[in-house]
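Visitor: Before I ask anything, let me first share the structure, which is written out below as structure tokens.
The values are calculated or read from the model by the stated rules, or taken from the named source; none is laboratory data. All of these numbers come straight from a predicted model, not from anything done at the bench. For neighbour counting, all protein chains shown are included, and Cβ atoms are generated from backbone atoms with ideal geometry for every residue, glycine included.
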């Protein structure tokens, strides 16, 4: 993080970090376990749990080597598909940030950063996501996919360390 530090002779200064904007360009791959909650005719309502990893397209970039856990609620039929999800992204230090996404297609959807802990406390931002690769199902309720996610995030200012 970049810090703006006020320096003075014989003076203790308190400084705040500048807001750090980060570009997000990553790939999230994981397995998805699907549960149908209810159905009527061709309409199904269900949930999905996705567990996977996030890798930045730039080594060491934002989101690189994070564990991801998402929970989704969806409605699907021949003419309708809607979903809403919440994801938890955890880095190697145990710090985490939370995202949410909504859409009518996994081929293209919007997402946003909603909160975080540790170094991600106060995070904001968002972007676009899209299905990149869908893998054959292991069994009817278990499959895998990779998604491309792009956008911008803003990390909250931090007090300067002395």
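Visitor: Surrounded by fewer than 19 Cβ atoms within 10 Å (Cβ to Cβ) and out of contact with any strand residue (DSSP E or B) (no Cβ under 8 Å at 6 or more places or on another chain), is that true of residue 78?
Guide: The answer is yes for residue 78.
Visitor: Sticking with this structure for a sec: Take the conditions assigned to a strand (DSSP E or B), in contact (Cβ under 8 Å) with a residue 24 or more places away in the chain and loosely packed, with under 15 Cβ neighbours inside 10 Å and apply them to residue 113. Does it pass?
Guide: no
Visitor: Filter region 58-75 down to the residues that are modelled with pLDDT under 95 and more than 12 Å from the chain's Cα centre (by Cα), then identify the one that is nearest to residue 111 (Cα to Cα).
Guide: The extreme case among them is 61.
Visitor: If you go through region 138-156, how many residues are touching a strand residue (DSSP E or B) at 6+ places or on another chain (Cβ under 6 Å) and surrounded by 14 or more Cβ atoms within 10 Å (Cβ to Cβ)?
Guide: Going through region 138-156 one residue at a time, the tally reaches 13.
Visitor: Shifting gears a bit: Against the conditions (1) touching a helix residue (DSSP H, G or I) at 6+ places or on another chain (Cβ under 9 Å); (2) over 23 Å from residue 158 (Cα atoms), where does residue 65 fall short? Just the number, please.
Guide: (1)
Visitor: Looking at this structure, is residue 130 at pLDDT 90 or above and closer than 21 Å to residue 33 by Cα?
Guide: Considered against the rule, which asks whether it is at pLDDT 90 or above and closer than 21 Å to residue 33 by Cα, residue 130 comes out as yes.
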